[in-house]
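These notes are about the structure you will find just below.
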Amino acid sequence: MIGTAVPWGTPQGHSRTSPVTAAPTGMAGQALIVLAALLEARTGQQIASHRSTRVDTVLLPLMRERRLDTLDQLVSAVLDGRDPALIGRVVDALLNGESSFFRDPHVFDHVAERIAEVERSGRRPRIWSAGCSTGQEPLSLAMIFAERHLQSGTPIPEIIATDVSETAIARARIGCYTQFEVQRGLPIRHLVRWFEGKPGNEWRARAELLRHIQFRQLNLVADAGPGGAFDLVLCRNVMLYLAPDAKKRAFRTIADAMRPDSGLILGAGETVIGQTDLFQLAASGRGVYEKCVADDPPRHA
């Protein structure tokens, strides 16, 4: 039988209560509780009830590779500690890596406007794509500003892209995507201009585009920010999956990395209201948040 003692520990401030929204029962349910505790301990993310039904599916390739028939056997292999690399692979598989090119196009229109405002002040803007998964968001940003540079000569902003998953960041650095992935949001003109066709029906971002992005592995909950001060941070659909205390630490990490007059863009279903007192709705609205300044009256959505 699988116990619930977890050898990887619990981050400071985390509860030992089950991070699965609806606690399952039975042997598979015990395995799911252990896996969910592992994920939260390593990343701060929780497995919501609507995602718990997908755990078997996302772990199946790893289980087949290790010739394991059940989640119970996988968890036993994790707990015996003889294969440290297995823990990282399990966590990577459990992370929600959903991403696409130019997701929510209006967001990129606002990014361009916001960056133009910074450039008028005379400094080179810095953008942080936090929780970038396999790189579609920072590549979308790079395409926007690379094309603008070709048209007007305007320097390309510094773009830093981070994710908690080492596997996702490794893939992002290579910039290789399937036909299905490039068909999700990437206009054909961008595909032809900025990508090269590869064997196996894959496409790889050109080196001249990738060189504008610095990819780094970073845990928003446990690590300090990438360094320096940013004019714009995109952290979309990350907070949705974080436990409450982990969310507060992630907001603090982001706030500490931002200039006083910078902006934070969250996902469409995310907000700072009731989550943190470090940010408030920007005067421009449109889902953009600013760092709170002591003398500013609060603004709410």
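General observations
- All positions within region 259-287 that are β-branched (Val, Ile, Thr) and modelled with pLDDT of 90 or more: Ile265, Thr271, Val272, Thr276
- The residue list Ala77, Ala23, Ala37 contains one member that is at pLDDT below 85, out of contact with any His (no Cβ under 8 Å at 6 or more places or on another chain) and of a type in the set (A, V, I, L, M, F, W, C), which is Ala23.
- Leading residue by the ranking (most open to solvent (accessible area, probe 1.4 Å)) among those in region 258-278 that are under 23 Å from Asn96 (Cβ atoms) and in contact with a Phe, Trp or Tyr (Cβ under 8 Å, 6 or more places away or on another chain): Gln275
- Pairs meeting the criteria (first residue in region 185-206 and outside any loop (DSSP other than H, G, I, E, B), second residue loosely packed, with under 15 Cβ neighbours inside 10 Å and among the small types (Gly, Ala, Ser), beta carbons under 8 Å, at least 6 apart or on different chains) are Trp203/Gly197.
- Index of the failed condition, Val107 passing every other in (1) surrounded by fewer than 19 Cβ atoms within 10 Å (Cβ to Cβ); (2) touching a residue at least 60 places away in the same chain (Cβ under 8 Å): (1)
- Strands (runs of 3 or more DSSP E) wholly inside region 211-281 containing at least 3 residues that are of a type outside the set (Phe, Trp, Tyr) and farther than 24 Å from Ala146 by Cβ: 258-266
Residues are listed down the side, and each one gets a yes or a no for (1) under 21 Å from the mean Cα position of the chain (by Cα); (2) modelled with pLDDT of 90 or more:
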position: Pro61; (1), (2): no, yes
position: Val91; (1), (2): yes, yes
position: Leu95; (1), (2): yes, no
position: Ala116; (1), (2): no, yes
position: Gly135; (1), (2): yes, yes
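- Residue within region 194-208 that is out of contact with any Asp or Glu (no Cβ under 9 Å at 6 or more places or on another chain), closer than 17 Å to Ser129 by Cβ and surrounded by 15 or more Cβ atoms within 10 Å (Cβ to Cβ) present: no
- Residues being part of a helix (DSSP H, G or I), of a type in the set (A, V, I, L, M, F, W, C) and open to solvent by less than 50 Å² (accessible area, probe 1.4 Å) - total across region 120-169: 9
- Flag for Val55 being among the β-branched types (Val, Ile, Thr), touching a residue at least 40 places away in the same chain (Cβ under 8 Å) and open to solvent by less than 20 Å² (accessible area, probe 1.4 Å): no
- Subset of region 121-179 (residues that are more than 28 Å from Leu240 (Cβ to Cβ) and among the basic types (Lys, Arg)): Arg123, Arg124, Arg148
- Near pairs, Cβ below 7 angstrom, 6+ apart or cross-chain, from region 261-289 (touching a residue at least 40 places away in the same chain (Cβ under 8 Å)) to any residue that is part of a loop (DSSP other than H, G, I, E, B): Gly263/Ala282; Ile265/Arg236; Ile265/Gly287; Ala268/Asp104; Val288/Ala282
- Flag if Ser99 is of a type in the set (Ser, Thr, Tyr) and part of a loop (DSSP other than H, G, I, E, B): yes
The values are calculated or read from the model by the stated rules, or taken from the named source; none is laboratory data. Just so you know, these numbers come straight off a predicted model, no measurement behind them. Here the Cβ is made from the backbone with ideal geometry for all residues, glycine too, and neighbour counts use every protein chain on show. These accessible areas exclude ligands, DNA and RNA; they are computed on the full protein's heavy atoms, side chains included. Shrake-Rupley method; radii C 1.70, N 1.55, O 1.52, S 1.80 Å.
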